[in-house]
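A.B. asks: Have a look at this one.
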Amino acid sequence: MHRQRTHLAARVTHVAKALERRGIATTYKVHDRALANRASRRQLSGSPVELDETQRRIIEALDTDGYIVVPFDELIIDDALRSDVLAQGDTFVADTERGLAAEAEGAEAALRRRAGKEFVVRAYSFEGVTLDPARDAWFRAAISHRLLDIANSYLRMWAKLSYVDMWYTAPQPAGAERAASQLWHRDFDDKHLLKAFLYLVDVDASAGPFEYVGGSQPGGRHNETRQWAPMRTGRFTEEEVNKHVPADAIQTFTAPRGTVILCNTSGLHRGGFATERPRALATATYCSPASLKALSERNYAPAGDAPADPAVRFATN
């Protein structure tokens, strides 16, 4: 009898979770088609932006391939801001490496990690940090019109800036296997996504470079492999990806410090499997108001009064 009750409880839980996922997916679709995203598209059309040649080229590449690689000095043309961001990254890397060295000696270090992805040390994670653009250069860059206008124009709506952080991926021990985001996957929370990754160190093949299947974003030419749907989670095996994706579509981004990768991560991607050298990067996520994560939580709160610029205010609140 106990075994029957246990089996029944497991089935009830499974059904409940399936119904919950179906309800969340329905909510997303309603917000995408009729509510939040529809209003956000109107806001962009009512406040059109003027893009320069570099920004237009970036959006064209994102539309076609789902990704583009851009030197930081082409993306952020403000020399002082660019210098401040890289200096902030250098400080994060140095602080993280001191903390890791202390841990190796048996001491405690205030390093931020998330369960299941302990191989990544984060500057902020989801610990309720307050970001002030006057003091946080990467946040200032993320809400600059150089980046925000690209995100809004690519998503065809005013975007939310849902995540701002810096990551340090330590080399894995010999014999370690890929886990979590080191495996091929699609981000489940939104199909209208744009992520920025700025390499803070030189990244070679041993540092766990970011990888992306060009054209695997929704509507792309290689989107047939378990197409994106809200709440559809899971990882993809190497065999599955190789079966459905031509080898020349898989892009591996080994690149020097100061390289920016912009990509739609509802497409197939993976990264961070460092084996010999660490990988450090700054990252920002732009998504639609219908995003499942934007509807639930952000990893930061903006400091001070609401920004005067309406697009920036929309993105950060």
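A.B. asks: For the charge dipole of the chain, defined by +1 on Lys and Arg C-beta atoms and -1 on Asp and Glu C-beta atoms about the Cα centroid, which residue among Ala109, Gly220, Ala196 has the Cα displaced farthest towards the positive pole?
C.D. replies: Gly220
A.B. asks: Follow-up. Using the Karplus equation 6.51 cos²θ - 1.76 cosθ + 1.60 (θ = phi - 60°), what ³J(HN,Hα) coupling, rounded to whole Hz, does each residue of segment 237-251 give in order, writing x for Gly and Pro?
C.D. replies: Working through the residues one at a time gives 6, 4, 5, 5, 5, 5, 5, 9, 10, x, 4, 6, 7, 7, 9 Hz.
A.B. asks: Using Cα-Cα distances under 8 Å and only pairs 6 or more residues apart, what relative contact order does segment 58-173 have, in percent? List each step's numbers first, then the result.
C.D. replies: Details: 95 pairs, mean separation 34.3, N = 116.
The normalised contact order for segment 58-173 reaches 30 percent.
A.B. asks: Whose amide H sits under 5 Å from the amide H of Leu131, counting only residues 5 or more places off or on another chain, with H placed in the peptide plane?
C.D. replies: Under 5 Å from the amide H of Leu131: Ala301, Ala303.
A.B. asks: From the backbone phi of segment 216-230, what are the Karplus-calculated ³J(HN,Hα) couplings (6.51 cos²θ - 1.76 cosθ + 1.60, θ = phi - 60°) in whole Hz, Gly and Pro given as x?
C.D. replies: Karplus-based 3J(HN,Hα) across segment 216-230 equals 8, 5, x, x, x, 6, 10, 9, 7, 7, 6, 4, 4, 8, x Hz.
A.B. asks: Find out how many positive minus negative residues lie around Thr252, taking Lys and Arg as positive, Asp and Glu as negative, among other residues whose Cβ is under 12 Å from that of Thr252. Walk me through the intermediate numbers first.
C.D. replies: Values: positive: Arg270; negative: Asp204, Glu211, Asp248.
Summing Lys and Arg as +1 and Asp and Glu as -1 gives -2.
A.B. asks: Amide H of Arg112: which non-local residues (sequence gap of 5 or more, or other chain) have their own amide H closer than 5 Å, using H built in the peptide plane?
C.D. replies: Correct list: Arg122.
A.B. asks: Starting at the first residue of segment 187-203, write each ³J(HN,Hα) from the Karplus equation 6.51 cos²θ - 1.76 cosθ + 1.60 with θ = phi - 60°, in whole Hz, x for Gly and Pro.
C.D. replies: For segment 187-203, the Karplus curve yields 5, 8, 8, 6, 8, 9, 10, 9, 10, 10, 10, 10, 5, 9, 9, 5, 10 Hz.
A.B. asks: Same structure, new question: For the pair Arg257/Arg38, report the inter-label distance in nm, with labels modelled 7 Å from Cα in the Cβ direction.
C.D. replies: Spacing of the two 7 Å Cα→Cβ label points: 5.0 nm.
A.B. asks: Just to be sure I follow the definition: excluding the sites themselves, where is the longest run in the chain that has none of the GluC sites (Glu not before Pro) in a DSSP loop with at most 16 other Cβ atoms within 10 Å?
C.D. replies: 51-104
A.B. asks: Let me ask something else about it. Before rounding to the nearest 500, sum -39500 (n - 2.57) across all DSSP H runs of length at least 4 in the chain and divide by the residue total; then give [θ] at 222 nm in deg cm²/dmol.
C.D. replies: So the calculated ellipticity at 222 nm is -11500 deg cm²/dmol.
A.B. asks: What shape does the chain have by the C-alpha gyration tensor, where a ≥ b ≥ c are the square roots of the eigenvalues, rounded means a/c under 1.5, and otherwise prolate means a/b greater than b/c and oblate the rest?
C.D. replies: rounded
A.B. asks: In the structure shown, do any of Lys29/Lys160; Lys160/Lys243; Lys117/Lys195 have a Cα-Cα gap over 26 Å, and if so which?
C.D. replies: Details: Lys29/Lys160 17 Å; Lys160/Lys243 35 Å; Lys117/Lys195 19 Å.
From Lys29/Lys160; Lys160/Lys243; Lys117/Lys195, over 26 Å: Lys160/Lys243.
No lab work stands behind these numbers, since they all come straight from the coordinates. All values reported here derive from a predicted model rather than from experimental measurement. Cβ coordinates were reconstructed from backbone atoms using ideal geometry, including for glycine residues, and neighbour counts include every protein chain displayed.
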